[in-house]
Amino acid sequence: MLESNGVVRSAIAFEIYARRHPRRSLEAGEYFFDHATSGRDVFWKLAKGDVYQIPFTVREGETLYDIAHDLETGHFLSADDFVKAASDPMMVRDIDPHALTLEGFLFPATYQMSRHPIAVELTAAMVKKFKEEWAHISPPMAGDDKTRLPSGYPLSSIVTLASLVERETPKKDERPLVAGVFENRLRKDMMLQCDPTVIYVMQQEGRYNGTLTGADLHVHSPYNTYEHTGLPPGPIGNPGEASLRAALHPAETDYLYFVANTEGGHFFSATLAEHNRNVTKYRRLLAGLPADPPPPPPPPQPPARSKKKAHAKPHKGTA
């Protein structure tokens, strides 16, 4: 096959060279050659297992459904095969005994893959990457419990909070603030009212089309933070390092609300009245208007009263 495709000049010469190295077997796999080369170089490429790999990137915040779609679009494997593999939480039972799936633990990074990877092996590589990164950014676990942090929070809660932060803002400098807002709302037993949790429910049900309506906010699911207080039962995406750090160390703030500012960031506020003003700003910006309305014109001034000149009357006297 190498000879017929013009990679080596002689199949016999290649076989002779291979037989001179009986202790080095050829590794099965897919190899890429784009020009003719020597039989010696081809042999050692196959003996070392230098298989053909293609980079595949998992972006920060992507859900397991997003990753599955990208894999199928790239003709790596079917979306169903990946979803099935990622739906088995056994790989993270040691760090999250109550995990429902591998969501949250498929670490965003670029992976080198063969053209047709095995789904279980791919999810294993992503989980391994998460555990390696988590070991670098997290404090030691409390005692022998590898699932709970010294703060008392379980690892699952940190990853879930980080996934909400990741989906809410693309700006790394905002993430501790967003985490601080969510932590304040949790302490006050306020609903988080996080739109991405509703989007996640719709993705699970296969009916998200890129838009979210007011009616969607009433979808019945434990993930819907418009209907339930507290964190959702698991992550809603796969957070990167910055969001994990933000969830570990939320900003100390009085903020309880935030709304988009149409520039990728948000307006933050501590009171509902201030938040409502910020919502008005957001709507004005969407309409192409300045965030703040122009100041009202000054009240009209009353016309200046004209002053009459006094004329002295001649003095009448006696002669």
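The numbers here are math on the coordinates, done by the rules we state, and not lab data. Just so you know, these numbers come straight off a predicted model, no measurement behind them. Every residue, glycine among them, receives a Cβ derived from its backbone with ideal geometry; neighbour counts consider all protein chains shown.
Within the set of pairs 6+ apart or on separate chains, which have a first residue in segment 65-84 that is of a type in the set (A, V, I, L, M), a second that is in a loop (DSSP other than H, G, I, E, B) and surrounded by fewer than 18 Cβ atoms within 10 Å (Cβ to Cβ), and C-beta atoms under 6 Å apart?
Taking only residues 6 or more apart or on different chains, not a single pair turns up.
Any residue in segment 279-291 that is surrounded by 13 or more Cβ atoms within 10 Å (Cβ to Cβ) sitting within a Cβ distance under 7 Å of a residue that is assigned to a loop (DSSP other than H, G, I, E, B) and among the small types (Gly, Ala, Ser)? List the pairs, counting only those 6 or more apart or interchain.
Sorted first by the residue in segment 279-291, then by its partner, the pairs are Lys281/Ala291; Arg284/Ala291; Leu285/Ala291.
Could you run through segment 102-112 and say how many residues are surrounded by 19 or more Cβ atoms within 10 Å (Cβ to Cβ) and touching a Leu at 6+ places or on another chain (Cβ under 8 Å)?
Total meeting the criteria: 3.
Within segment 205-228, how many residues turn out to be surrounded by fewer than 13 Cβ atoms within 10 Å (Cβ to Cβ) and either closer than 21 Å to Leu161 by Cα or not hydroxyl-bearing (Ser, Thr, Tyr) (or both)?
Summing the residues that are surrounded by fewer than 13 Cβ atoms within 10 Å (Cβ to Cβ) and either closer than 21 Å to Leu161 by Cα or not hydroxyl-bearing (Ser, Thr, Tyr) (or both) in segment 205-228 gives 9.
If the Cβ limit is 9 Å and pairs must be 6+ apart or interchain, which residue in segment 35-63 that is over 15 Å from Ser10 (Cα atoms) and free of Cβ contacts under 8 Å to residues at least 60 places away in the same chain pairs with which residue that is surrounded by 13 or more Cβ atoms within 10 Å (Cβ to Cβ) and polar (S, T, N, Q)?
The qualifying pairs are Lys45/Thr37; Arg59/Asn238.
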